[in-house]
Amino acid sequence: MEKTFYSYENFSEEYHSVEEMVQDVFGEGTRIERTDRVYGGDINDAYRETLSNGGHIFVKTNSIRNRAFFRTESRGLSALGASGKIGVPKILGTGTDEGRGISFLALEYIDSAPRIDTYWETFGHELAELHRAECLSFVASGEEQGKYDLRYGFTEDNFIGASPQKNSPKEKWTDFYRECRLLPQLERAEHYLGAELMKRADSLLEHLDAYLREPEFPSLLHGDLWSGNMMCGSDGKAWIIDPAVYVGDFEADLAMTRLFGSLPERFYAAYNEVNPIDRKGCAEREKLYDLYHLLNHLNLFGRSYLSSVAGIIREYA
């Protein structure tokens, strides 16, 4: 299947069932003939639906109360797709099924193929092009953007995994990362951290601009770019899924690619050809970007992440 890109504003209506969506998108005579569970995620249920026309679609479901998961994910996928720089699955529809008590997101089903020989180099080039693409329209409206120099954030709050992710637009990257990334996670983790670590964390937040840079330009980020959110498409190239999109410093995305096992050096070398990396500075800042994700894992999954969080806080404060 060819990569599909589309306008950020091009959203389908909210459907009242997956079956309604299938008939609207594929034709009234189309129905679901088989449903197979897809395993791998720990937040949503996922299924491969076989259609009567011989095609397949991918459907994620959750409870109705979590319908915002899919609304915001579709906005993030659409923003990434609108860049025209990198492969993302096409959005077929979102909605809720009151009878089943579920919300859902339907996407094109990506059939994997063998990787092309230049898989990692191509992925590095495409991600770098995404990070260099124009993105201020994803931060604030034209009126807001004209009134303030808003460079970081997103048009709405979304989620990182199952955790709320605040995206209030800011003029400075350091302010955004302090107020919208570290502070909310630290407040949620206070009962894990205790008084001594919270005091150190407060000091880290106060002096954050001594450690982080202000980027030359803002970048549209995937936001949760670990290897589990990358896959090989039918074109043999990397596609990215399950985003937590916002506009920030591209170093935050690169740090995440190393947090749970680094990608091959070929990827980083190719990325650097399109968007040069300050290798020394990037390495010095990497743990501060790791801290956000480790705090989120601490808050979602418990104390097994506490020592990693504590180590970073103590290193910088």
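The values are calculated or read from the model by the stated rules, or taken from the named source; none is laboratory data. This structure is a prediction, so every number in the text was calculated from the model and none was measured. Note: ideal-geometry Cβ built from the backbone for every residue, glycine included; neighbour counts use all protein chains shown. The area values use the complete protein model at the heavy-atom level, side chains included, leaving out ligands, DNA and RNA. Shrake-Rupley method; radii C 1.70, N 1.55, O 1.52, S 1.80 Å.
Worth a mention:
- In the complete set of protein chains, residue-level accessible area for Arg200 is approximately 80 Å², probe 1.4 angstrom.
- Flagged links, alpha-carbon separation over 30 Å, of Lys170/Lys287; Lys170/Lys237; Lys60/Lys287; Lys85/Lys170; Lys172/Lys237: Lys170/Lys237; Lys60/Lys287; Lys172/Lys237
- Cα-centred dipole magnitude for the range 170-317, charges only on beta-carbon of K, R (+1) and D, E (-1), debye, nearest 20: 380
- In Å², nearest 10: area of Arg151 left accessible to a 1.4 Å probe: 50
- Sorting His207, His222 by accessible area puts them as His207, His222; the probe is 1.4 Å, largest comes first, and only protein heavy atoms count.
- Of all accessible heavy-atom area on the range 1-133, the percent that carbon and sulfur account for (1.4 Å): 44
- Relative contact order (percent, whole number), the chain, Cα cutoff 8 Å, 6+ residue spacing: 18
- Atom-type composition of the exposed protein surface of the range 233-317 places 50 percent of the accessible area on carbon and sulfur (1.4 angstrom probe).
- When the residues Trp120, Trp173 are ordered by accessible surface, computed with a 1.4 Å probe over the protein chains alone, the sequence from largest down reads Trp120, Trp173.
- Whole-number accessible area per residue in Å² for the chain, which is evaluated in the context of all protein chains at 1.4 Å: 45
- Max mean-square fluctuation residue, GNM over the chain, Cα-Cα springs under 10 Å, options Ile43, Ile57, Ile240: Ile43
- Note on the chain: GNM, Cα springs under 10 Å; of Phe104, Phe123, Phe26, the largest mean-square fluctuation is that of Phe26.
- Ser112 contributes about 80 Å² of solvent-accessible surface, heavy atoms of the protein only, 1.4 Å probe.
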